[in-house]
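S.K.: One structure is given below, represented as structure tokens, and several questions about it will come after.
Read-outs throughout are calculated quantities, based only on the coordinates presented, and are distinct from any laboratory measurement. From a predicted model like this one, the values you see are computed outputs, not experimental measurements. Every residue, glycine among them, receives a Cβ derived from its backbone with ideal geometry; neighbour counts consider all protein chains shown.
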Amino acid sequence: LRRQKMVTKTKAMRTLVMTSMPSEKQNTVVQVVKALGGFSIVDRVCESTTHVVSGGHRRTLNILLGIARGCWILSF
């Protein structure tokens with residue numbers, strides 16, 4: 001029972017970062033994240049970030065930090 005509570009807390013703390021994305025694509029990602037749940041969207045990569053979504057092939061600080069932290073790097 002204790003382990004299940006810890007897993008729930010961990011899932012609730014996962015974050016996603018968007019970088020180099022036009023506002024139209026950002027709105028789409030926000031809608032999907034809200035529908036699926038389990039993530040919050042933040043501006044910068046941090047300890048709880050698991051995914052970085054990029055709107056283009058650019059080497060932004062968030063992309064590089066995401067790679068260094070072992071995050072999933074996704075393009076949209």
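S.K.: List the trypsin sites (Lys or Arg not before Pro) within region 34-71 that fall in a DSSP loop (any state other than H, G, I, E or B) and whose Cβ has at most 16 other Cβ atoms within 10 Å. Show your work: numbers first, answer last.
M.R.: Numbers: sites: Lys34, Arg44, Arg58, Arg59, Arg69; in loops: Arg44, Arg58, Arg59.
Filter output for region 34-71: Arg44, Arg58, Arg59.
S.K.: Please label the shape of region 16-76 as rounded, prolate or oblate, based on the square roots a ≥ b ≥ c of the eigenvalues of the alpha-carbon gyration tensor (a/c under 1.5 means rounded; beyond that, a/b larger than b/c means prolate, else oblate). Spell out each step's value before the answer.
M.R.: On the way: a/c = 2.11, a/b = 1.20, b/c = 1.76.
Oblate, since a/c reaches 1.5 and b/c is not below a/b.
S.K.: Let me ask something additional. Once you put a point 7 Å from the Cα of Asp43 and another 7 Å from the Cα of Val30, both along the Cβ direction, what distance in nm separates them?
M.R.: The modelled label-to-label distance comes out at 1.4 nm.
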